[in-house]
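Below is one structure; the comments refer to it alone.
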C-alpha cells in the first residue's frame, strides 16, 4: 500500500511532481474514502499528493499524506500554484441531485487549475444527474478542458458523448482496491449477511419498518449473523441502530474507518443487501452475492452491469418495484440466498483488470506532465 512507503519515497529524493487531489474526502463516507485510498494506491511513486479534505488532520494521519481544508481558498491557491496536476478523484461529484453546489465547487476547482496552467484529470467519475442548466454548463466546460477523463459507468459515458468530450469508461476504481482482513470477523457465527442502508426520502419510515420486519424473518429462516455496515456513520448509523435491537439472532454493527478493511469485510459474508453503491461493488469484488436497493441511477447502472437482483426505491421507476409486503421481500432475499450466483473468479478478475485502466490513464498523463 502506498501509505507504507510514502516517507521513504519523499526522503529518497525521488519525488518530481505534486498533484492536488480533490473529492468528497474526509467527510466520513466509506465509498469516497475507498476512492481516495484507491487513487493513492494507483498514483506513481514519483508523485507527491496533496489532498483537499473535510478533515485534513484525520486524512493526513490515515494515509500519510499532506492534506488541506477543502474549502480554504488561500491554502488551496497556494497548493495549486505549487502543483503540476489537479486530479478530480472519483465518485458522483458532478451531480446536482444532493446540491447544486456540488458541480459548481468541483467544476470550479478544475477551471481554476486550468487557468493556472495545471494539467487536469477527471478520474473515475460518475456524472449526473445534472438537472439544472448551470450544472450542465459548468460540468461540460470543465470536462471539455481536461487533459484526460475517465468514467465508471455507461450513464456517465453518455454524458461525455452528449457533450462530445473524449473519455474512457472502465469499472469503478474501487474494484482494484487492496482489501485488508477485519480482526475478529471470522469469530462471529457463520453464515453472515451484510446490510448497508443509507437515509433517503424514498426510504420512508414505513419502508424501513417493512424492511426491518423482512430482515427479522429472513434471519430466522436462514439462521444467519447480520452485519449492519454504516458506510457513512454520521448518516447511516441511526438506521443500523434502529434495526439491530429488532433482530433476534446474532448481529453486529461495523462502522469501519479504514476503507481497505471495509472492503475486506465482504470476504467473510455470504450475501449483501445494500443501497450503498460501494457496498455492492466491494461485495461483488470479494465474490459475494448481492441484492441491490437502488435510489440513484449509479446503483441501477451497477445492478444492470452485474445482473444483480433488487428493487428500485423510486416510485416513478419502471424497474423492479418495492414489494407490497415484508413477506414478499423476505421471499426475494431467500431466493437470492439459496439460488443466487456470486460473480465468478473470471468476472471479478476481468473487472479488476479493467478498473486498472484508470491507473494507466494516470500514469500516461502524469508522465507527460513531468516531461
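The values are calculated or read from the model by the stated rules, or taken from the named source; none is laboratory data. Everything numeric here is computed off the predicted structure, so don't read it as measured data. Cβ: placed from backbone, ideal geometry, glycine included. Neighbour counts: every protein chain shown.
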Inset, instruction - For segment 212-226, state whether one or more residues are out of contact with any helix residue (DSSP H, G or I) (no Cβ under 9 Å at 6 or more places or on another chain) and on the phi < 0 side of the Ramachandran plot. - result: yes
Inset, instruction - Would you tally the residues in segment 137-156 being surrounded by 19 or more Cβ atoms within 10 Å (Cβ to Cβ) and more than 13 Å from residue 92 (Cβ to Cβ)? - result: 8
Inset, instruction - Please indicate, with yes or no, whether at least one residue in segment 290-300 is in contact with a helix residue (DSSP H, G or I) (Cβ under 6 Å, 6 or more places away or on another chain), buried (at least 17 other Cβ atoms within 10 Å of the Cβ) and closer than 30 Å to residue 16 by Cβ. - result: no
Inset, instruction - Please give the helices (runs of 4 or more DSSP H) falling wholly within segment 277-350 in which 2 or more residues are within 19 Å of residue 216 (Cα to Cα). - result: 326-339
Inset, instruction - Among what's in segment 111-146 and is over 23 Å from the mean Cα position of the chain (by Cα) and not in a helix (DSSP H, G or I), pick the residue that is nearest to residue 363 (Cα to Cα). - result: 119
Inset, instruction - Could you tell me whether any residue of segment 67-74 is outside the structural domain of residue 229 (by TED's automatic domain parsing), over 29 Å from residue 178 (Cα atoms) and in a helix (DSSP H, G or I)? - result: yes
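Conditions (1) surrounded by 15 or more Cβ atoms within 10 Å (Cβ to Cβ); (2) at pLDDT 95 or above, marked per residue:
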| position | (1), (2) |
| --- | --- |
| 311 | yes, yes |
| 322 | yes, yes |
| 332 | yes, yes |
| 339 | no, yes |
| 342 | yes, no |
Inset, instruction - Examine segment 358-366 for a residue that is farther than 21 Å from residue 282 by Cβ, in contact with a helix residue (DSSP H, G or I) (Cβ under 9 Å, 6 or more places away or on another chain) and surrounded by 15 or more Cβ atoms within 10 Å (Cβ to Cβ), and state whether such a residue exists. - result: yes
